[in-house]
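Student: Before we start, here is the structure in question, set down as structure tokens.
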Amino acid sequence: MLVYIVMRYTSGVAKEITTAEYQALAEMRYRIRKFVGEGDAVARAAGLEPQQYLLLLALRGLPEGEEATIRTLADRLALKHHSAVELIDRMEVHGYVRRSRSRDDRRRVLVSLLPRGEKLLEQVARDRISELRASGTALVDAISALLENGRSSRMEKDAANASRRGLEKKRG
């Protein structure tokens, strides 16, 4: 029987993944999936499909200076361009968003949030923010456990490198 050992490589040195790292990774994934699943339920209760909520959120939450083109929204939602077009088509019919041509480049199509879409987005987002504030510390703890372990490994590596450089200076 072959036994496979999962290894992590840090600067060429294999290091076994610890039980604590597996637990933290599993906890993080559980918390994220739970948050997403609950968010889908809240979106549906508000009358939105989860993808519609995500599009509204992506649209409202775009970084400053980034235009809401179909390509940008497709990228933010990890959708193919034609899938984003279909989603935007359905949302435009419901009065959640509007498409318009860019004034600078008439070939570019921009998407904007309409009041009806903004109202539904705010309803769902308010719930999601409250949920994160109430139980987000468990997710942060899981992520912190993974990052802290990685930081410890880097600190150990840095200390070993500093020690090695010190020995080389003494010899030289």
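Student: Counting only residues that are loosely packed, with under 14 Cβ neighbours inside 10 Å and either part of a loop (DSSP other than H, G, I, E, B) or at positive phi (or both), how many does the range 68-93 have?
Tutor: Looking only at that region, the number is 2.
Student: If you go through the range 133-145 one residue at a time, do you hit one that is farther than 18 Å from Lys34 by Cα and modelled with pLDDT under 85?
Tutor: The answer is no, given that none of the residues of the range 133-145 is farther than 18 Å from Lys34 by Cα and modelled with pLDDT under 85.
Student: Something else about it: So which of Val111, Val93 ends up being more than 30 Å from Ile17 (Cβ to Cβ), at pLDDT 95 or above, of a type in the set (A, V, I, L, M) and out of contact with any helix residue (DSSP H, G or I) (no Cβ under 7 Å at 6 or more places or on another chain)?
Tutor: Val93
Student: Something else about it: I'd like the full set of residues that are surrounded by 13 or more Cβ atoms within 10 Å (Cβ to Cβ) and under 27 Å from Ile129 (Cβ atoms), limited to the range 94-109.
Tutor: His94, Tyr96, Val97, Arg98
Student: Hey, another quick one. May I ask you to verify whether Ala14 is on the phi < 0 side of the Ramachandran plot and at pLDDT below 95?
Tutor: Judged against the criteria, Ala14 is a match.
Student: Out of the range 26-56, which residues are surrounded by 18 or more Cβ atoms within 10 Å (Cβ to Cβ), aliphatic (A, V, I, L, M) and within 20 Å of Ala84 (Cβ to Cβ)?
Tutor: Passing the criteria: Ala43, Leu48, Leu54, Leu55, Leu56.
Student: Can you tell me which of (1) at negative phi; (2) at pLDDT 95 or above is the one Ser100 doesn't meet?
Tutor: Ser100 satisfies every listed condition except (2).
Student: Of all residues in the range 111-131, how many are surrounded by fewer than 14 Cβ atoms within 10 Å (Cβ to Cβ) and either in contact (Cβ under 8 Å) with a residue 60 or more places away in the chain or part of a helix (DSSP H, G or I) (or both)?
Tutor: 7
Student: Among (1) in a helix (DSSP H, G or I); (2) within 22 Å of Leu114 (Cα to Cα), there is one condition Leu25 misses while meeting the rest; what is its number?
Tutor: It is condition (2) that Leu25 fails.
Student: Further question: Answer yes if at least one residue in the range 89-110 is without any contact (Cβ under 8 Å) to a residue 12 or more places away in the chain and among the small types (Gly, Ala, Ser), and no otherwise.
Tutor: no
Student: For residues in the range 57-67 being among the charged types (D, E, K, R) and in a loop (DSSP other than H, G, I, E, B), which is surrounded by the most Cβ atoms within 10 Å (Cβ to Cβ)?
Tutor: Glu67
Student: Cβ contacts < 7 Å: first residue closer than 12 Å to Leu73 by Cβ, restricted to the range 43-61; second residue β-branched (Val, Ile, Thr), any location; separation 6+ or different chain. Result?
Tutor: Within 7 Å, the pairs are Leu59/Val97; Leu59/Val111.
The values are calculated or read from the model by the stated rules, or taken from the named source; none is laboratory data. Quick caveat: nothing in here was measured; it's all calculated off a predicted structure. With ideal geometry, Cβ positions are generated from the backbone for all residues, glycine too; neighbour counts draw on all protein chains shown.
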